[in-house]
Amino acid sequence: MMQQTTDELLAEIENLRARLGEAEDTLEAIRTGQVDALVVQGSDGHALFTLRTADHSYRMFIEQMTEGAITLSASGLIVYSNSQFSSMVGEPLSNVIGRQFSDFIAPSHQPVFDELFKKGWFENVKGELLVKKGDTVVSTLLSLNRLQLEDEVAISVIVTDLTAQKETERQLLLKNQQLELLNQALIDSNHDLQQFASVASHDLQEPLRKILIFSNFLKEQSFNDLPGSSRQYLEKIISSASRMKVLIIDILNYSRLSSGDDLTEEVSLTALVNEIVDDFDLWISERQARVEIHPLPVVEGNRGQLRQVFYNLINNALKFTSPDKPPHVVISCTPVDPDTQGGLPPQESAHCSIRVKDNGIGFDDQFATSIFNLFEKLNPKSTFEGSGIGLAIAKKIIDKHHGLIVAQSTPGEGAEFSIVLPYKRQ
Amino acid sequence: MTVRRVILVEDDPDDSELFTIFCGNRTDIALLPTVGNGVELMAFLESTADYTQLPHLIVLDQNMPRMNGRQTLQALRENPRYASISAVVYSTYADTTLIQDCKNLGAKMVTSKPIDAEGYRKMMDDFLEFV
């Protein structure tokens, strides 16, 4: 030491001055917030020093984020990490900062990251990749943004944990698969129903028709030879078989309504209703009934099905008549007031309301809803024939036309059926 | 009065008997022996060498073994010798699908089987309109 020359001492001073300058530069950089942390090469690897800077509040904000946020140096070193990222990778913060970010990337996704890191210096890029967490991996989305600092560049990375999203996607896929299975089951079941309908249509009707025709045959050929009671039995066989035939055909019609074939056309309800009333011509003149048909609109729908609806309603109106007054049926229509359609601005009405009103026996209003159920009958068979399917069919058809059918009545005074139908179908 | 040769293609013995009872006694019809299905019909037609002795009207049931009503219509249409013979279909239950299919295959009329004598008379009158 004593042998140190003046020159050596001067050099030593110069060296210390340089280090002081360097330290002052660093201090200045810290003060101005240009530096978040210092990574110092030590003998046992990198040592890191983090700093509280002027943008502490901003830092707090980053800390509160649910995403991981890190800053990478040009060599891919993590110079900053929020605690969210460290918990994402399951390591203490001190083990994260100063490490190569690529240490945390699953080996299989290393090339993906390399590519992102390369591009990230020129543009903002995003990519999904797996990040290691202990022995497992976490699915993440990386968003890389180039940061231009005073005299150097860095990359900020936002790391979004996709575990929940992936789980949701998995669940969605699972539910979709379950839905597909259910759908298939439904298609199969529908197919079975169609099969059943076809069996019912032919195989059930075949023997029934034989019963009917041979009973009729017997009646035509030997009715007069039969004793009174046998004639009565024969009549009962014929009327029961006829009833069953009506039932089978009605059930078939009902089941067939589900099977699609929705031919939509413009249907003039005036023409349709007149046509139906013509069919009842004989009945009407026999009973001295009066059928009033007011102007009816043209609507879009399935002609055959709409015919069925009005046939059933008019049939009912002419069937359930009071014994003490001649039947009077009124069929009329009014547009539905657009103002009542949920307070929308006044516009041309999209729906019409068609009423079929009679002066027949009517029904108790408590049955106003159940009257549309399959096989619902309010009157004893002995007085009024029917399958109990007619109104169920009418309701199903109106439902299919996105309409509404309701009934109201006062017993003894008559029944009124109202149908609300859209002019245009869908 | 013109007498038309009519042949029934029907596998059900009851229906075949009823048809014979109700239509066999008509003076405007010469009812040929009933055949049980389309295959038998085609064989019968083949064996009828004299063109002028072919039936004027073929009444087909739909549900039959070996060759049903639809298939028979198809076979008739494909053979120029028989394509001009009027064919009609009567079935236990004539739904819109059956009616459309058979009409497309050239059936002049498709109807449900009658349930009484009057029904048979009317059906046959309707059928003869197409001859």
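Step by step: first the residues of segment B:65-98, then only those that are of a type in the set (S, T, N, Q) and part of a loop (DSSP other than H, G, I, E, B), then the one that is nearest to residue B:4 (Cα to Cα). Which residue is that?
Applying the first criterion (of a type in the set (S, T, N, Q)) to segment B:65-98 yields B:68, B:71-72, B:74, B:79, B:84, B:86, B:91-92, B:96-97.
Still in the list and also part of a loop (DSSP other than H, G, I, E, B): B:68, B:79, B:84, B:92.
Details: B:68: 24, B:79: 21, B:84: 15, B:92: 25 Å.
If we take residues in segment B:65-98 being of a type in the set (S, T, N, Q) and part of a loop (DSSP other than H, G, I, E, B), then B:84 is nearest to residue B:4 (Cα to Cα).
Here the condition is being farther than 20 Å from residue A:203 by Cβ, out of contact with any Cys (no Cβ under 8 Å at 6 or more places or on another chain) and within 12 Å of chain A (Cβ to nearest Cβ); of B:58, B:21, B:85, it holds for B:21 alone.
Among A:269, A:204, which is the only one that is in contact with a helix residue (DSSP H, G or I) (Cβ under 9 Å, 6 or more places away or on another chain), touching a residue at least 40 places away in the same chain (Cβ under 8 Å) and within 13 Å of chain B (Cβ to nearest Cβ)? Give the derivation first.
Numbers: A:269 fails: within 13 Å of chain B (Cβ to nearest Cβ).
That would be A:204, the only listed residue that is in contact with a helix residue (DSSP H, G or I) (Cβ under 9 Å, 6 or more places away or on another chain), touching a residue at least 40 places away in the same chain (Cβ under 8 Å) and within 13 Å of chain B (Cβ to nearest Cβ).
Taking segment A:317-337 as the search range and keeping residues that are under 15 Å from residue A:423 (Cα atoms) and surrounded by 15 or more Cβ atoms within 10 Å (Cβ to Cβ), which one is modelled with the highest pLDDT?
A:333
Take the conditions under 23 Å from residue A:305 (Cβ atoms), of a type in the set (Asp, Glu) and either touching a helix residue (DSSP H, G or I) at 6+ places or on another chain (Cβ under 9 Å) or away from chain B (no Cβ under 14 Å) (or both) and apply them to residue A:220. Does it pass? No, not satisfied. For residue A:79, the criteria (1) in contact (Cβ under 8 Å) with a residue 24 or more places away in the chain; (2) farther than 30 Å from residue A:25 by Cα; (3) surrounded by 15 or more Cβ atoms within 10 Å (Cβ to Cβ) hold in every case but one, which is (2).
Just name the residue that is surrounded by the most Cβ atoms within 10 Å (Cβ to Cβ) out of those in segment B:99-117 that are assigned to a helix (DSSP H, G or I) and more than 9 Å from every other protein chain (Cβ to nearest Cβ). I'd like the intermediate steps shown before the answer.
Let us first name the residues in segment B:99-117 that are assigned to a helix (DSSP H, G or I), namely B:99-104, B:117.
From what is left, the residues that are more than 9 Å from every other protein chain (Cβ to nearest Cβ) are B:99-104.
Details: B:99: 17, B:100: 11, B:101: 17, B:102: 23, B:103: 14, B:104: 10.
The residue in question is B:102.
Of all residues in segment B:118-131, those satisfying the criterion of being surrounded by fewer than 16 Cβ atoms within 10 Å (Cβ to Cβ) and within 18 Å of residue B:55 (Cβ to Cβ) are B:125, B:126, B:129, B:130.
All conditions but one from (1) closer than 17 Å to residue B:61 by Cβ; (2) at pLDDT 90 or above; (3) surrounded by 17 or more Cβ atoms within 10 Å (Cβ to Cβ) apply to residue B:82; the one that does not is (1).
For the condition within 10 Å of chain B (Cβ to nearest Cβ) and at pLDDT below 80, what is the one hit in A:256, A:209?
Details: A:209 fails: at pLDDT below 80.
The match here is A:256.
The one condition from (1) over 27 Å from residue A:203 (Cα atoms); (2) part of a helix (DSSP H, G or I); (3) at pLDDT below 90 that residue B:46 does not meet is (3).
Return the total of residues in segment B:88-98 being of a type in the set (Val, Ile, Thr), in contact (Cβ under 8 Å) with a residue 12 or more places away in the chain and within 14 Å of chain A (Cβ to nearest Cβ). So the answer is 2. When segment A:317-339 is limited to residues that are of a type outside the set (Lys, Arg) and assigned to a helix (DSSP H, G or I), the one that is nearest to residue A:353 (Cα to Cα) turns out to be A:338. Of the residues screened, residue A:23 is not one that is surrounded by 12 or more Cβ atoms within 10 Å (Cβ to Cβ) and either modelled with pLDDT of 75 or more or under 60 Å from the mean Cα position of the chain (by Cα) (or both). Any residue at all in segment A:119-141 that's on the phi > 0 side of the Ramachandran plot and either assigned to a loop (DSSP other than H, G, I, E, B) or β-branched (Val, Ile, Thr) (or both)? Yes, segment A:119-141 contains a residue that is on the phi > 0 side of the Ramachandran plot and either assigned to a loop (DSSP other than H, G, I, E, B) or β-branched (Val, Ile, Thr) (or both).
Please count how many residues of segment B:75-115 are at positive phi and either acidic (Asp, Glu) or more than 16 Å from the chain's Cα centre (by Cα) (or both).
Going residue by residue through segment B:75-115, those that are at positive phi are B:106.
Now restrict to residues that are either acidic (Asp, Glu) or more than 16 Å from the chain's Cα centre (by Cα) (or both): none.
Matching residues across segment B:75-115 total 0.
Considering every residue within segment B:71-81, establish whether at least one is within 14 Å of chain A (Cβ to nearest Cβ), closer than 30 Å to residue A:216 by Cβ and polar (S, T, N, Q). No, every residue in segment B:71-81 fails to be within 14 Å of chain A (Cβ to nearest Cβ), closer than 30 Å to residue A:216 by Cβ and polar (S, T, N, Q).
Would you call residue A:129 of a type in the set (A, V, I, L, M, F, W, C) and more than 14 Å from every other protein chain (Cβ to nearest Cβ)? Here the answer is yes, as residue A:129 does meet what is asked.
For residue B:27, the stated conditions hold: it is away from chain A (no Cβ under 14 Å), in contact (Cβ under 8 Å) with a residue 24 or more places away in the chain and part of a loop (DSSP other than H, G, I, E, B).
The C-beta contact set for segment B:99-122 (first residue free of Cβ contacts under 8 Å to residues at least 60 places away in the same chain and more than 16 Å from residue A:242 (Cβ to Cβ), second residue in a loop (DSSP other than H, G, I, E, B) and not acidic (Asp, Glu), distance under 6 angstrom, 6+ apart or interchain) comprises B:108/B:130; B:110/B:94; B:111/B:94.
The single condition among (1) charged (D, E, K, R); (2) within 14 Å of chain A (Cβ to nearest Cβ); (3) exposed (fewer than 14 other Cβ atoms within 10 Å of the Cβ) that residue B:46 does not satisfy is (2).
Restricted to segment B:3-18, and to residues that are in contact (Cβ under 8 Å) with a residue 24 or more places away in the chain and within 11 Å of another protein chain (Cβ to nearest Cβ), which residue is surrounded by the fewest Cβ atoms within 10 Å (Cβ to Cβ)?
B:12
Results for (1) crowded, with 18+ Cβ neighbours inside 10 Å; (2) under 21 Å from residue A:145 (Cα atoms); (3) of a type in the set (Val, Ile, Thr); (4) at pLDDT 80 or above, shown as yes or no for each residue.
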site: A:49; (1), (2), (3), (4): no, no, no, no
site: A:90; (1), (2), (3), (4): no, no, no, yes
site: A:117; (1), (2), (3), (4): yes, yes, no, yes
site: A:122; (1), (2), (3), (4): no, yes, no, yes
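The set of residues in segment A:124-162 that are surrounded by fewer than 15 Cβ atoms within 10 Å (Cβ to Cβ) and among the aliphatic types (A, V, I, L, M) comprises A:147, A:149, A:153.
The values are calculated or read from the model by the stated rules, or taken from the named source; none is laboratory data. Treat the numbers as computed from the prediction; the structure is a model and nothing was measured. For neighbour counting, all protein chains shown are included, and Cβ atoms are generated from backbone atoms with ideal geometry for every residue, glycine included.
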